[in-house]
Amino acid sequence: VDWLSFVMLTTIGIALGSLFYTLAIGPIQLQLDFSTGYLLVYQGIFATLIGLLFARRKQKSFDTLSTQRAQLFQDHQASRKELLSATEAQMRFTSVLKKAGIEKLESAAHLSKQLLALSKQGGSIKEVEKLAQQLTAQLTPMALNMDKFVHRTTGVLLLENVQQLLLDEFLQKIRQALQDKGYSAKIVVHTQERALQCDVEKMQQVILNSFSFIRSVSATETEEEESVLLGVEETQLGYPLKIVEGEHTKQIAALRLTITSSPTLPVLNKVYMSQVNEEMLVIPEETGDLPLLANERIVKAHYGYTSTINEEEGITMVYVIPVDVREVRSKDMDTPQMLGGTEWPRADDTYPGAQEQEQAFLAAVKDKSKADLSLVEHAIDLLKDYHGPVLRKSGEPFYLHPLAVAQIVLDYNQDEATILGALLHDAVEDTPLTLEQIALLFNDEVRTIVNGVTHMESNKGTIYKVLLSHPENIHKLLDVEDTRVLYVKLADRMHNMRTIHVKGAESQRRTAEETLLFFVPLARSLFLYEAAEELRARSFSVLNGMQGV
């Protein structure tokens, strides 16, 4: 009770006691001898202590209720966000089905039956071809969109707040977040790394989820609160690359974050293999598993490794993430279009000069090659959809760059697959389009060329693409067997050199040096001497200009 109620109850108790004594025994006669004084003082002190005790218990009760209320509010907010996320996912699902032309599925089935019946009746080749083209035209966009949707419903997560922090600053944020939650932890750091680039808020949530899970488990198993240990150690993450000939594993610097109720950290491996190639839809068995599944999703988005160990000594959760997530995950992986069904504006083809450039290119294709113009136009339309509103540093729509590269390729090689590969050479690297989808839309030849040019490792069944370093890209080009890949790569470098003035000084220097060392000899090996001389002259112009500065 509060102090006022305590005083009132004490007064009423004295009054009732006096009344009962008077009625049952007789008038009260106070004798202020030593014994009576002792009892009065004793009872007064004892009553006061009891009052203070109850007041303290009440304060603790208020604190507990306040904490529970705050936690309930946070849980409510989290549930609300999950509900909104689920609603958005349903809307995207409906949108994808509509875009996929699901309502045309019945029509496609009828066309398939007509085609089968026509083949049995011995129909003309032209009739069969016509029906086959109609069927392909209906099924291809369905397959493309449904494949895209399946990939993005298996755990895709955008890293929307990637930033670089000093490691000490990151750990300070973790300490403060743990303190705000009322968690006490011992943090052990064994690393020479000074900075970390990641989605700070999401990784902070991973650690908080882990602490919360360990506390909830320990609270049910023991009455005493177990101490929790957070270890930060340097290690390596490995990524097996298929597109570099031979057995090659890309290894980058990483940090192992270990949260454990055990008194010691587990043995540290030199290399942990990333789990980005593993794509699955996990259904939690209990609601208590949700935080750990959320952790796995976040760490996987960071191209990392996760493991949970439950032993007698305690529960241990291991999370390994890159020191620099942008070393393996391109920022283009975190654009809104990566979410299936998200509205993504088309490229602005009304940009000054865009229509003229497009028409000039189509005229050149018609004049210099035997490529199917309808396929070329389809590829250009695809670029406008997938590259969308993205702009180059010059301010022009990005899709004009692959258009310019394809225009340059026409001077080197007039093969249809080469032209289409030039148009789509950045699609896998900068958009959600995968190599398998390119093969579906066009053919395996185009897929091979795009695969040879792109700076990404693209895996079937997963949207996660591993970014390659410059040495890995050069290594891949040295091993290429299809020379059409080299024509596209050379044309790409030619256009980059012609527009190099929009880049920063350091980027210009690095590009010019790489051009002199690799692309000029490459052009000569392809007997493109004019191209080699232009690249050489532009590279020296950049380097000499920088020396003058």
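The values are calculated or read from the model by the stated rules, or taken from the named source; none is laboratory data. Nothing here was measured: the structure is a model prediction, and the numbers come from that model. As a convention, Cβ positions derive from the backbone with ideal geometry for all residues, glycine included, and neighbour counts pool all protein chains shown. Ligands, DNA and RNA are stripped out before the accessible areas are found, and what is left, the full protein with its side chains, is counted by its heavy atoms. Shrake-Rupley method; radii C 1.70, N 1.55, O 1.52, S 1.80 Å.
Here are a few things to note about the model shown:
- The convex hull drawn around the Cα atoms of the range 498-549, when projected onto a plane and averaged over every direction, covers 3.3 nm².
- Surface composition of the range 301-444: carbon and sulfur atoms hold 48% of the protein heavy-atom accessible area at a 1.4 Å probe.
- Probe 1.4 Å - accessible area at residue 45, Å² to nearest ten: 100 Å²
- Net length gained if the chain between residue 121 and residue 414 were fully extended (0.36 nm per residue, minus Cα distance): 101.4 nm
- A Förster radius of 30 Å combined with the Cβ-Cβ distance from residue 478 to residue 331 puts the calculated FRET efficiency at roughly 0.65.
- Solvent-accessible area of residue 436 with every protein chain in place, 1.4 Å probe, in Å² to the nearest 10: 40 Å²
- Over the range 402-533, relative contact order from alpha-carbon pairs under 8 Å, at least 6 apart, %: 23 percent
- Solvent accessible area, Å² - residue 53, 1.4 Å probe, full protein context: 100 Å²
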